[in-house]
Amino acid sequence: MGEVYRALDTRLDRTVAIKILPSHLSADQEFKQRFEREARAVSSLNHPSICQLFDVGRQDGTDFLVMEFLDGETLAERVRRGALPLPELLKVGMTVAQALAAAHRAGMVHRDLKPANIMLTKAGAKLMDFGLAKPVAPGAGGSGSAPLLSAARTMSGPTPVSPLTTAGSIVGTIQYMSPEQIEGKEIDARADIFALGAVLYEMATGKRAFEGKSQISVASAILEKDPEPVHTSKPEIPPALDSLIAGCLAKDREERFQSAHDVWMRLKEIIDRPQAASAPPRGVLATGVLLAVSAALLATAVVLLFASRSAAPGFSVRAYIPPPPGTAFRPTGFDSGPVVVSPDGKMLAFSAVDEKGITNLWIRPLDAAQATMLPGTEDASAPFWSPDGQHLAFVADRKLKKISVSGGSAQTVAGQAAYGGSWNADGTILFSAKNTGPLSAVAATGGQPSDATKLAAGELLDSQPSFLPDGKHFLYRAYWHDAPSLIRVGELGDAEGKPVDIVQGEAPNFASGRLVFVRDGRILAQAFDPKTLKLSGDPQTLGEASKLSVSPVGVLAYHESSSESELKVFDRSGNVVAVPGALADYSAPRFSPDGKSIAVTVTDPRSRKSDIWVYPTLGGQPTRITFGPNDFWAVWSPDGKELAYGVMDSGKFSVRRRPLDGHAPEETLFETEAYASAGVLDWSPDGKYLSFDLMDKGGIWSNWILPLEGKHQPFRPPSTAGIAVSAYDGMFSPDGRWLAYFSYESGRPEVYIVPFQSEGLKYQASTTGGWVARFDDKNEFFFITMGNRLMVAPIERQANFRLGPEQPLFQLDLPNFAGPNYNVSPDGQRFAVLTVDHTKSSSITLLTNWTATLPKSID
């Protein structure tokens with residue numbers, strides 16, 4: 001469908017590839033649409049493993065694309081010389097899976113993945129040719145129906161490198177088409193997963209997974225036959241890879257791997273654990289893979305087998321459990337409730353939010369077809385189990401409560417609680433009473449809590465407790481602002497005693513002779529002696545998450561997540577307009593007043609220090625604005641000439657501002673050591689005030705206003721000064737008369753609008769939970785629901801503030817922390833959103849017999 005020329009870009013002195021639509025095809029509307037589709041598809045993608053588009057245009061009747069020049073050979077040419085060595089195969093496979101995951105996150109299905117569209121260069125593999133790509137709404141069926149193969153017409157005959165390519169009504173290359181494509185069904189991203197499986201098979205064996213003398217015979221093989229197992233011709237291939245390929249090539253897409261990210265994870269596991277080559281025979285392990293990617297019911301027999309301590313197979317099963325119908329998981333963010341496994345490994349508990357924004361706890365027995373909501377748990381978060389599995393403790397209304405899993409009313413255990421904890425066999429519960437401070441201990445029957453730990457110098461919070469087997473000692477996380485979190489061991493009844501430092505990390509648990517914890521977003525397992533409190537051996541990676549739950553009998557559950565995200569720009573329909581920032585640890589994006597730039601906080605993955613960067617909205621080279629010590633959450637002056645931001649240095653918070661033209665040095669406007677945390681939020685439209693939040697050492701957040709004239713003495717807005725619970729944000733309306741904020745006044749986060757400089761009318765904007773409110777300059781108001789859906793409402797009256805009916809815009813896939821993760825452009829037409837792969841949190845990852853995945857040397 002195109003001709004490609006090597007050319008020189010004389011303006012930038014670089015070699016490029018120019019793709020044109022030949023004149024004999026330019027009159028064909030179908031080919032012209034494909035050409036334009038490729039331009040749109042590639043322009044919406046910004047990934048190092050996807051061939052980059054530089055320019056698009058039309059000259060003298062010729063349509064052209066200017067693209068990145070790739071010096072190398074196609075994978076099709078490479079496979080003609082034979083199968084790839086295993087290390088090269090895994091490297092190429094992981095790169096292609098990452099590229100597909102990026103395309104799928106952008107709502108794009110490639111539809112023509114094949115070796116000829118993968119270029120092997122010195123810099124690595126690159127995915128090319130999005131001429132057949134089509135946008136697909138997340139979770140939607142796909143790109144429309146394609147008729148049966150018999151209705152297709154052939155553009156050209158097959159060649160050894162480009163086999164059986166068809167054009168016309170059916171799109172794609174036959175050997176790599178999924179069964180649903182051939183049958184004319186609507187397709188989604190899982191069609192690309194099938195094609196990826198066929199590509200992996202070809203790299204492993206040197207031959208195609210599906211062969212035939214005609215298109216019909218190839219299609220018949222895809223619909224009815226399984227390819228010969230890889231190990232038949234290549235016995236050196238790890239059975240785990242054989243099983244992975246089988247999981248990609250499942251005929252039923254519901255039994256296939258559900259995302260390219262999942263495939264990438266499995267390939268990474270094979271690289272990280274080369275001992276997988278000695279795994280069980282393919283027939284057994286392939287069954288495990290199919291169980292893992294199908295409905296969780298198919299995995300329950302294996303789970304219960306492990307849970308009953310009977311003789312377990314020597315392999316692990318990974319299952320993916322979806323949320324209850326009509327709900328979404330709330331694994332992270334405000335009032336989150338990550339999955340927790342019962343002590344016997346037979347049940348899961350988690351929080352989920354329904355379509356009305358109501359959050360409840362749910363129970364999922366692993367031998368049941370569906371989860372069951374637990375009445376009396378509205379707005380519940382942070383669940384954890386009693387040691388006998390008969391009760392759940394949780395936090396709601398900022399109190400610690402418990403409820404029987406068989407039903408009944410919830411009972412209050414402690415009158416103040418911020419985070420959940422751990423419950424031992426003697427009936428003692430450890431939990432965090434406040435957002436900052438030591439751990440508290442209380443009897444499960446209720447009573448007066450007492451301190452269970454003591455904060456060290458500069459330490460802000462002890463949290464995430466987990467009892468060791470003796471029920472007396474416990475693991476917990478110690479948190480500082482300017483230093484990595486530590487996992488420590490404390491002892492009940494000895495809060496003043498010196499804790500034992502174990503290792504850097506968080507979310508500690510003990511199971512199967514190992515410390516299971518999180519560090520840098522990875523779940524690690526390391527041999528640990530609970531008597532000597534000593535680690536041994538090296539930590540082994542089990543998955544990616546910020547929190548986890550593990551039972552003593554070999555069941556691990558977690559929501560895959562990451563602190564990293566992509567900085568994307570969306571339109572009001574939820575379409576990706578640009579990707580200014582590739583994957584990084586971002587927070588608090590803010591549009592400039594002219595909408596052409598985005599200021600955002602970027603945290604360095606090694607030093608964990610943050611700085612302010614400015615990114616062009618439509619993509620381009622970013623500019624670093626600050627250089628430490630720890631600068632974050634920038635806001636623009638109304639004229640766009642200055643930035644104000646927060647700085648945290650050795651426990652001292654300050655508000656500073658800096659002119660962007662460099663005509664004056666950074667200026668400190670305010671500083672304090674009296675507060676534990678803070679963040680700059682907004683600059684008033686008249687340029688006279690800054691809004692910022694402070695968290696006191698009791699864990700309560702409050703909004704403050706800093707005058708930029710005079711002595712810079714901050715004050716509390718009159719309308720919010722009397723609020724006793726945490727109140728966040730404080731965003732100025734376009735006319736500067738109103739402040740929008742959210743708080744826990746009703747027991748859950750809700751969004752309110754109040755007068756800026758006087759007491760008076762108070763308007764509640766959300767009714768079923770909301771947070772992170774924003775204004776545009778066009779009299780519109782935005783906020784996020786507890787299910788992370790972006791809402792908009794017109795401002796009908798500025799005087800005596802009034803909003804019109806709210807409307808949903810689109811779903812946000814936010815990273816795993818609570819904060820200002822999105823921003824609205826001044827004209828209200830664009831949204832800068834920190835976006836992660838929604839598949840990472842759209843299901844529970846369940847790993848059974850997880851110790852079987854570890855090297856035998858540490859068993």
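Numbers for the structure displayed
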| quantity | calculated |
| --- | --- |
| Any pair with Cβ under 6 angstrom, 6 or more apart, that starts in region 5-18 at a residue that is within 8 Å of V66 (Cβ to Cβ) and ends at one that is of a type outside the set (V, I, T) and assigned to a strand (DSSP E or B) | V16/A7; V16/D9; A17/M67; I18/Y5; I18/A7; I18/F64 |
| Given (1) open to solvent by less than 50 Å² (accessible area, probe 1.4 Å); (2) part of a strand (DSSP E or B), number of the condition T412 does not satisfy | (1) |
| Hey, V56 at negative phi and under 29 Å from the mean Cα position of the chain (by Cα) or not | no |
| Top-ranked residue of region 564-582 - restricted to ones that are closer than 20 Å to L809 by Cα and touching an Asp or Glu at 6+ places or on another chain (Cβ under 8 Å), ranked as surrounded by the fewest Cβ atoms within 10 Å (Cβ to Cβ) | V577 |
| Identity of the residue in region 734-770, modelled with pLDDT under 85 and more than 27 Å from E378 (Cα to Cα), that ends up surrounded by the fewest Cβ atoms within 10 Å (Cβ to Cβ) | G760 |
| Failed criterion for A103 (all others in (1) open to solvent by less than 10 Å² (accessible area, probe 1.4 Å); (2) at pLDDT below 90; (3) part of a loop (DSSP other than H, G, I, E, B) hold) | (3) |
| Residue that is most open to solvent (accessible area, probe 1.4 Å), among those in region 56-72 that are assigned to a loop (DSSP other than H, G, I, E, B) and closer than 27 Å to A125 by Cα | D71 |
| Residues located in region 482-504, provided they are crowded, with 17+ Cβ neighbours inside 10 Å and within 25 Å of the chain's Cα centre (by Cα) | S485, L486, I487 |
| One residue from K122, K134, K126 being open to solvent by 20 Å² or more (accessible area, probe 1.4 Å), more than 21 Å from A83 (Cα to Cα) and modelled with pLDDT of 50 or more | K134 |
| Considering residues of region 521-535 that are part of a strand (DSSP E or B) and open to solvent by 30 Å² or more (accessible area, probe 1.4 Å) only, the residue nearest to A319 (Cα to Cα) | R522 |
| Positions within region 680-708 being at positive phi and either at pLDDT 90 or above or in contact with a Leu (Cβ under 7 Å, 6 or more places away or on another chain) (or both), in sequence order | G687 |
| Filter result (in contact with an Asp or Glu (Cβ under 6 Å, 6 or more places away or on another chain) and either farther than 26 Å from Y476 by Cβ or surrounded by 23 or more Cβ atoms within 10 Å (Cβ to Cβ) (or both)) within region 548-563 | E560 |
| Count of residues meeting criterion [of a type outside the set (G, A, S), in contact with a strand residue (DSSP E or B) (Cβ under 8 Å, 6 or more places away or on another chain) and open to solvent by 10 Å² or more (accessible area, probe 1.4 Å)] in region 586-610 | 9 |
| Entirely in region 774-828, the strands (runs of 3 or more DSSP E) that have 1 or more residues that are open to solvent by 20 Å² or more (accessible area, probe 1.4 Å), of a type in the set (K, R) and without any contact (Cβ under 8 Å) to a residue 24 or more places away in the chain | 789-797 |
| Residue count for region 709-733, restricted to those that are surrounded by fewer than 17 Cβ atoms within 10 Å (Cβ to Cβ), at negative phi and part of a loop (DSSP other than H, G, I, E, B) | 9 |
| Tally of residues being modelled with pLDDT under 85 and not hydroxyl-bearing (S, T, Y) across region 635-662 | 2 |
| Of all residues making up region 663-694, the number that are under 23 Å from S733 (Cβ atoms), of a type in the set (S, T, Y) and assigned to a strand (DSSP E or B) | 2 |
| Subset of region 734-755 (residues that are in contact with a Pro (Cβ under 8 Å, 6 or more places away or on another chain) and either touching a residue at least 40 places away in the same chain (Cβ under 8 Å) or of a type outside the set (A, V, I, L, M, F, W, C) (or both)) | P734, D735, G736, R737, W738, L739, F742, S743, P755 |
| Subset of region 356-372 (residues that are surrounded by fewer than 16 Cβ atoms within 10 Å (Cβ to Cβ) and out of contact with any Lys or Arg (no Cβ under 9 Å at 6 or more places or on another chain)) | K356, A368, A369 |
| Tally of residues being over 27 Å from the mean Cα position of the chain (by Cα) and of a type outside the set (S, T, N, Q) across region 777-792 | 3 |
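So that you can scan it fast, the table gives a plain yes or no per residue for (1) in a strand (DSSP E or B); (2) modelled with pLDDT of 95 or more; (3) under 26 Å from L348 (Cβ atoms):
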position	(1), (2), (3)
Q370	no, no, yes
E378	no, no, yes
F384	yes, yes, yes
K402	yes, yes, yes
S422	yes, yes, yes
S440	yes, yes, no
A456	no, no, no
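Every residue, every condition in (1) in a strand (DSSP E or B); (2) closer than 29 Å to D604 by Cα, yes or no:
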{"residue": "F510", "(1), (2)": "yes, no"}
{"residue": "V516", "(1), (2)": "yes, yes"}
{"residue": "G537", "(1), (2)": "yes, yes"}
{"residue": "L542", "(1), (2)": "yes, yes"}
{"residue": "P552", "(1), (2)": "no, no"}
{"residue": "S561", "(1), (2)": "no, yes"}
{"residue": "E566", "(1), (2)": "yes, yes"}
{"residue": "S573", "(1), (2)": "no, no"}
{"residue": "V579", "(1), (2)": "yes, yes"}
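The values are calculated or read from the model by the stated rules, or taken from the named source; none is laboratory data. Predicted, not measured: the structure shown is a model, and the values here were computed from it. Don't worry about glycine lacking a Cβ; one is built from the backbone with ideal geometry, like all the others, and counts go over all protein chains shown. Surface accessibility is based on the protein's heavy atoms, side chains included, excluding ligands, DNA and RNA. Shrake-Rupley method; radii C 1.70, N 1.55, O 1.52, S 1.80 Å.
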